[in-house]
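*Asks:* First, the structure itself, so that you have it in front of you.
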Amino acid sequence: MHVFKLVVNDWGLALYDFVNHLIADLGDNLRMVIGLSEDSSVYDSNVLVVVKELNDEVRRIVARAAIKTNEKHKCVISYYLTDEKDTKTIEIFSHVKIEEADDCEDAFKNFYNEIKNYIDDAVFLGNNYVYDSNVLVVVKELNDEVRRIVARAAIKTNEKHKCVISYYLTSNRGLLDEFKKVRSAIQ
């Protein structure tokens, strides 16, 4: 799944909410969600939803999830719904060039270089999010000075890149495992 632009137009949050609705309501019938960047589309759709079995109830569930999501966010989930046998459509969505992906690596490198002397560890998830964040920043001691340094670095980085650094700042090293599991699942 690809997720983009949390701060400016909240596309990432919209996609996150949409997928959460689908997971909760479709369960094992949900096979895959491919989210493009908000401005990209295939068949006039920016999200592909793949299910095991497609029927009227599934159509209603996905439509309801899109309506709820679109009412909450300032962007539009325009989905294409198909079953897992439609390999042609899955292939087309899977190979859409997402230009922000390269920018995200550069954004993280820039952000990390700004904060590396003040932190213990950082985990970058690219275009994926945990707790609405694509970067976990772990510090020895969480204080106002460190908060300002990290916030300034994120603002400075986000002004230069298309990809948005949305960080989660903590002194809890236990979150490292959670973020690293997500990172290894997407690699």
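*Asks:* For segment 57-69, check the following and say yes or no: at least one residue is part of a loop (DSSP other than H, G, I, E, B) and over 12 Å from residue 21 (Cβ atoms). Give the derivation first.
*Replies:* So the first thing to find is which residues in segment 57-69 are part of a loop (DSSP other than H, G, I, E, B), and the list is none.
Taking every residue of segment 57-69 in turn, none turns out to be part of a loop (DSSP other than H, G, I, E, B) and over 12 Å from residue 21 (Cβ atoms).
*Asks:* Can you find, within segment 152-161, the residue that is farthest from residue 103 (Cα to Cα) among those that are of a type outside the set (D, E, K, R) and open to solvent by 30 Å² or more (accessible area, probe 1.4 Å)?
*Replies:* Only one residue fits best here, namely 155.
*Asks:* Please identify the pairs in which a residue from segment 132-144 that is open to solvent by 10 Å² or more (accessible area, probe 1.4 Å) has its Cβ atom under 8 Å from the Cβ atom of a residue that is part of a loop (DSSP other than H, G, I, E, B), counting only partners at least 6 apart or on another chain.
*Replies:* If the second residue must be part of a loop (DSSP other than H, G, I, E, B), the pairs left are 132/166; 140/120; 140/171; 141/171; 142/171.
*Asks:* Out of everything in segment 162-178 that is open to solvent by less than 80 Å² (accessible area, probe 1.4 Å) and in contact (Cβ under 8 Å) with a residue 60 or more places away in the chain, what residue ends up being nearest to residue 148 (Cα to Cα)?
*Replies:* 166
*Asks:* Which one of 81, 36, 13 is surrounded by 18 or more Cβ atoms within 10 Å (Cβ to Cβ) and at pLDDT 95 or above?
*Replies:* On inspection, the qualifying residue turns out to be 81.
*Asks:* Does at least one position in segment 107-126 carry a residue that is within 23 Å of residue 184 (Cβ to Cβ), of a type outside the set (A, V, I, L, M, F, W, C), under 16 Å from the mean Cα position of the chain (by Cα) and surrounded by 16 or more Cβ atoms within 10 Å (Cβ to Cβ)?
*Replies:* Looking through segment 107-126, at least one residue is within 23 Å of residue 184 (Cβ to Cβ), of a type outside the set (A, V, I, L, M, F, W, C), under 16 Å from the mean Cα position of the chain (by Cα) and surrounded by 16 or more Cβ atoms within 10 Å (Cβ to Cβ).
*Asks:* Also: Tell me whether segment 56-78 contains one or more residues that are surrounded by fewer than 19 Cβ atoms within 10 Å (Cβ to Cβ) and on the phi > 0 side of the Ramachandran plot.
*Replies:* Scanning segment 56-78, I find no residue that is surrounded by fewer than 19 Cβ atoms within 10 Å (Cβ to Cβ) and on the phi > 0 side of the Ramachandran plot, so the answer is no.
The values are calculated or read from the model by the stated rules, or taken from the named source; none is laboratory data. Model, not experiment: these values are computed from the prediction. So basically every Cβ, Gly included, is an ideal-geometry build from the backbone, and we count neighbours across all protein chains shown. These area figures cover heavy atoms from the full protein model, side chains too; ligands, DNA and RNA do not enter into them. Shrake-Rupley method; radii C 1.70, N 1.55, O 1.52, S 1.80 Å.
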